[in-house]
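Each remark here refers to the structure printed beneath this line.
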Amino acid sequence: MKSFFKTVLAVIVGMVLSSIVIGVVFMGLIGSLLAIEPEVPAVKPGTVLHLRLVGQIEERAQDNPLGLLLGSTAADVQGLDDILEAIHEAERNDDIRGIYIEGGMLSADMASLEEIRKAITDFRKTGKFVMAYAENYSQGAYYVASAADSVFIEPTGMLDWHGIASQPIFYTQLLEKVGVKMQVFRVGTYKSYVEPYTRTDMSEANREQIASFIGDIWKVVCRDVAASRHVSIDSLNALADRYMPFANTDDYVKAGLVDRTTRLDEMREVLADMMNDEKPTLMSPADIAAGAREKADDGDGEIAIYYAYGDIVGSEAGVANGEGYIVGTKVVEDLDALMNDDEVKAVVIRINSGGGSAFASEQMWQAVRRLCEKKPVVVSMGGMAASGGYYMACAADYIVADPTTLTGSIGIFGMIPDMTGLLTDKLGLHFDVVKTNEASDFGALGRPLNAQECQTMQAYVDRGYRLFIERVAEGRQMPTDSVAAIAEGRVWTGRQALQRKLVDRLGTLQDAVNEAARRADLGTYATVAYPEPVDWFERLLEGEKSDYMERRLQSTLGEWYRPLRFAATLEGRDCLQARMPFEPNMNH
C-alpha cells in the first residue's frame, strides 16, 4: 500500500513540475516574441511582388506572431490594405521589377477582388511585368489573375469558371422540430433577412432582387475578363455552362482562358527570362506594404482611413475584442477623436458591413454628420455597405462604391423567438405570472406575444423605417418620396446604386482617398489607418480562446455559421435590426 501511495504521489508531483516547466517555457516564448522588434525587410534591386491568391482576404490583416508560429489559420488571412499598398508601392519603386501571381483556392468578397484586379491593371501601365501561375485556380483567383500579361497553369491543373449562384438555406422546419417559432415584424417588400426562419423557399421579391444583383455582378466579371483575355462575353458565358473545372487543361488554352500549360520548374525559367536571367527576390505584400508605410512622408497633412467592417452591434458586451464587428459606441468615440485631431485634414470611412443594430446605426449616423461639419468625409464601400452599413454611409459628404458592392437594403425588421413549443411542449416547463401592469411581462419566454404586443412591435419597426428614410433623404439630399421608391429593403449593386443616386461615383478605396484630398485641398498627404489594431498579445489574453472556438465553429459550419449564430444570439441583440435581407452566400 505504501508503494502505491508513493507512486501516486510521484505522479502528482511529476505532473505539477511538468506544468510549471511548460508554463515557464510558454511565458519565456511569449516574452521572447514581445521582445523581438519586427524588422521590416528592405526592398532590394530585382524584387518581385509575390501575390498569393490563397486562403482568405479581409479588409485588414491582424498581426499574430504566435498564431503563425503555432500554425494558426491566421497565417492564411491576408489584408486587402496590405495587398493594395504593396501594388501601389510596386508601381513607384524602381527596385520592384514586376508581380508574380500565384493562384489557388481563394475566399474573398467580389468587391475586394475587383479592387485588387483594378490595381494590377493600373500597375501594368508602368511597363513592368505581371505573370500568373497556379496548379488550380478558383474562380475568384482566376478573375484577378486574368489581368496579368500572361496566365499559366499546371498541365494537370484545374480552372474553375462557372458563373455565380446564390443558394439561401432555410431553417424554418429545423426550428419547428425543436419547438421554436420566429415572431417577425418588418418593413420593406424586399427585406427578406427573416425568410430563412419563416419560409422554406424564397419569396418572389427576394428571388427578383437576387437575380438582379448576381446578374449585374456577373456582367462586371465577364466584362473585365473579356477585356483582358480578348475573349467575347458570349464565349465566356458558354464556357461557364460547360463545367470547366473538369475540362482538360488544353481546353483552357484553346478557349483563351490561359496562355499555356507550364510546370512549376518551367515557370521559374519564365520568371528568369522576364528578369533577364537575374535571380528574383520574392517579397510578400505584407512586407512591401510595411516598408512603404515606414518611409511615407506626412506631406501637407493626414488623411485618416477609418475601417468599419463586420456586424454592427451596440456595445462590446459579448464581443471578443471587438474584432470583426462595428461597435457603435467605439465608432462614435473614434470619429469624435478624429474630428478633434488637427493633424487629420480629411477622413475616409471604409465600410464593409451588411448591417446590424438599428440603434447603433443611428448613433453612428449622428457621429458622421458631426464629423462632416469639421472636415471632409468620404465613404469607400467594400463588399457590402447595406442596411445599417448604408445607414452609416449616407451621412457622409461623398460616397464611392465598387461596381460589385452590395448596398442599399433600406429597411428595418424585428425578430423575437417564441420558444413555447420547446420549453412547454417538449421540455414540460410551465410558466405563470403575477404582474402590476399589462406590459410588465412583455417578451417573457413562457408565451408568444399577444395581439397588442405585436401591434406595438410593428409600430416600433415602422417608426424605425421612417427614420431610416429620413436619414437617407437628408444625407443624400433627396426627397423622402424618392428614397422610399428605391427603399423597401431592396439590395442594389454599386452600378445600380449609382443610377439611383445612392452613391456618387464608382471607384476604389484609392479613388475615395483622392476625392478626400481634393476636398481638403491637399497637394501631398499621408494616409493613416484607424482604429489602432488591437495588440496580438492583448487579443491572446482577452479572448484568443473564444476567437479560436469561433473560428472552429465557422470552419465546421461553413455557410450555416452566420445564420445559426444570429438565431442563437437573438436574445442578446437589439430587437430592431437594419441588416441585409439575407446572407449573400454567393458561390463565386
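The values are calculated or read from the model by the stated rules, or taken from the named source; none is laboratory data. What you see is a predicted model, and the numbers here were worked out from it, not measured in a lab. FYI the Cβ positions are ideal-geometry reconstructions off the backbone, even for glycines, and counts take in every protein chain you see. Just so you know, the surface numbers come from the protein's heavy atoms only, side chains and all, with ligands and any DNA or RNA stripped out. Shrake-Rupley method; radii C 1.70, N 1.55, O 1.52, S 1.80 Å.
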Residues whose placed amide H lies under 5 Å from that of I312, excluding near-sequence neighbours = I326, G355, G356, S357
Each residue of the range 111-124 in order: what ³J(HN,Hα) in whole Hz does its phi give by Karplus 6.51 cos²θ - 1.76 cosθ + 1.60, θ = phi - 60°, with x for Gly and Pro?
-> 5, 5, 4, 5, 5, 5, 4, 5, 5, 5, 4, 5, 4, 4
Nearest-0.05 FRET efficiency for Y243 and A296 at R0 = 60 Å, using Cβ-Cβ distance, is 0.80
Show which lysines lie in cross-link reach of K181 when reach means a straight Cα distance below 29 angstrom and same-chain residues fewer than eight apart are skipped.
-> K191, K426, K435
The range 89-171: equivalent-ellipsoid semi-axes (sqrt of 5 x gyration tensor eigenvalues, Cα, Å) = 27, 16, 9
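On full extension of the chain, what length is gained from Q366 through T329, given 0.36 nm per residue of separation minus the C-alpha to C-alpha distance?
Numbers: separation 37, 0.36 × 37 = 13.32 nm, distance 1.17 nm.
Stretched out fully, the Q366 to T329 stretch lengthens by 12.1 nm.
Using r as the Cβ-Cβ distance of D432 and T456, and R0 as 41 Å, what FRET efficiency do you calculate, to the nearest 0.05? Kindly include the intermediate steps, with their values, before the conclusion.
Details: r = 23 Å, r/R0 = 0.56.
The formula returns an efficiency of 0.95 here.
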Contour excess over end-to-end distance, with Cα ends at K219 and S203 and 0.36 nm allotted per residue = 3.3 nm
Any lysines whose Cα falls less than 19 Å from that of K118, other than same-chain ones fewer than 8 residues away, would be K128, K219
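May I ask you to derive the FRET efficiency for T156 and E316 from their Cβ-Cβ distance with R0 = 60 Å, giving the value to the nearest 0.05?
Values: r = 49 Å, r/R0 = 0.82.
Here the calculated transfer efficiency is 0.75.
Can you tell me how much longer the chain between D76 and V253 gets when fully stretched, taken as 0.36 nm per residue apart minus their C-alpha distance, in nm with one decimal?
Result: 60.7 nm gained on full extension.
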Can you tell me the accessible area per residue over the range 347-493, all protein chains present, probe 1.4 angstrom, in square angstrom?
-> 39 Å²
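Hey, what's the per residue convex hull volume over the C-alpha atoms of the range 169-260, in cubic angstrom? Working shown, then result.
Values: hull volume 12.1 nm³, N = 92.
Dividing the Cα hull volume of the range 169-260 by its residue count gives 131 Å³.
Taking the range 366-470, which trypsin sites (Lys or Arg not before Pro) meet the DSSP loop condition and have no more than 11 other C-beta atoms within 10 Å?
On the way: sites: R369, R370, K374, K426, K435, R463, R466; in loops: K374, K435.
Answer in residue order: K435.
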So what J values fall out for the range 215-228 if you push phi through Karplus, 6.51 cos²θ - 1.76 cosθ + 1.60 with θ = phi - 60°, rounded to Hz, Gly and Pro as x?
-> x, 5, 4, 5, 4, 5, 4, 5, 4, 5, 5, 4, 5, 7
The range 450-531 - Rg (one decimal) and Dmax (whole number), Cα, Å = 18.5, 62
Under 5 Å from the placed amide H of T404, counting only residues 5+ away or on other chains, we find G494
Residues whose built amide H sits under 5 Å from the amide H of V130, excluding neighbours closer than 5 in sequence, are I99, D149, S150
For the range 239-307 and the range 370-387, distance of Cα centres in Å | 31 Å
Between K501 and D342, what is the spin-label point distance in nm, taking each point 7 Å from the Cα along the Cα→C-beta axis?
-> 3.9 nm
Low-density loop positions, chymotrypsin sites (Phe, Trp or Tyr not before Pro), the range 163-252 - DSSP coil, at most 13 other Cβ in 10 Å = Y243
Return the loop-located trypsin sites (Lys or Arg not before Pro) in the range 176-250 (DSSP other than H, G, I, E, B) with at most 16 other Cβ atoms within 10 Å of their own Cβ; answer none if there are none.
-> R199, R242
So what does the Cα-only Debye profile of the range 97-145 read at q = 0.13, 0.24, 0.31 Å⁻¹, as log10 I(q)/I(0), no solvent term?
-> -0.29, -0.89, -1.18
